[in-house]
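**Q** Dropping a structure here in structure tokens format, bear with me for questions.
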Amino acid sequence: MTTTLCRRTDARTLARLHSEHGKALYGFLLGLTFGDRHRAEDLLQETFFRAWKHPEVLESDHASLRPWLYTVGRRLAIDARRARLVRPAEVGPDALDGHAPLADDGTEQAVTVLDVRDALRSLSPRHRAVLVQIYFRGASVCEAARALGVPAGTVKSRTYYALRALREAMPGYGPGPGTAPGAASGPGRRAAA
């Protein structure tokens with residue numbers, strides 16, 4: 001005589017059980033998992049695995065096995081939910097990249113400030129004054145022209161030549177050769193940050 005522990009449900013019986021109850025059980029499990037198809041599929045598979053492991057249930061005199069399958073599926077869903085609530089949420093390696101704290105000690109910013117000050121000192125007083133108005137004080141061309149007592153066109157040309165001189169004084173900071181002078185990513189914009 002074979003014990004229940006050694007017996008398993010045969011493949012044809014399990015296939016018939018799946019074809020009769022699989023779709024309805026999947027719909028039931030989908031509701032229990034709030035529409036999570038992957039979890040519902042996992043629970044469906046685990047429910048039929050339990051039916052495979054316990055052939056004695058199939059040999060009972062019940063008219064339908066659906067109540068047993070629903071009970072097993074519901075209990076598996078409850079157990080899975082409890083297990084998820086107990087352990088911390090799983091994250092992949094990509095999720096950690098965006099949230100990793102950066103070791104920012106301010107050294108790079110301090111070096112940049114010193115480099116910008118040295119480069120500004122190398123400019124003529126007129127060029128330095130126009131950059132201070134436009135980039136450090138945030139003045140418009142017209143406001144800078146009023147503050148400096150020069151026409152707006154002079155402010156524009158001084159800004160152009162001042163930025164070009166800064167690029168030459170700070171070769172590692174700005175865009176490479178061939179970039180339009182005064183571009184938004186130039187050293188003047190970096191210094192204003």
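**Q** Below 14 angstrom from the Cβ of residue 70, what's the summed charge of the other residues (Lys, Arg +1; Asp, Glu -1)?
**A** Here the count lands on +3.
**Q** Still on this structure, I have one more. Give me Rg over Rh for segment 1-84, both radii from the alpha carbons and Rh done the Kirkwood way, two decimal places.
**A** Details: Rg = 13.2 Å, Rh = 13.3 Å.
Using only Cα positions, Rg/Rh for segment 1-84 is 0.99.
**Q** Of all chymotrypsin sites (Phe, Trp or Tyr not before Pro) in segment 1-76, which ones are in loop regions per DSSP and have a Cβ with at most 14 other Cβ atoms within 10 Å?
**A** Working: sites: 26, 28, 34, 48, 49, 52, 68, 70; in loops: 34.
Here the sparse-neighbourhood loop sites are 34.
**Q** Given all pairs of different Cα atoms, what value in angstroms does the Kirkwood hydrodynamic radius of segment 47-89 take? Walk me through the intermediate numbers first.
**A** Details: mean 1/r = 0.0854 Å⁻¹.
Taking every pair of different Cα atoms in segment 47-89, averaging 1/r and inverting gives 11.7 Å.
Each value in this text was obtained by applying a stated rule to the coordinates, not by laboratory testing. Everything quoted here is computed from the prediction, not taken from an experiment. Counting neighbours? That spans all protein chains shown, and the Cβs are built from the backbone with ideal geometry, glycine included.
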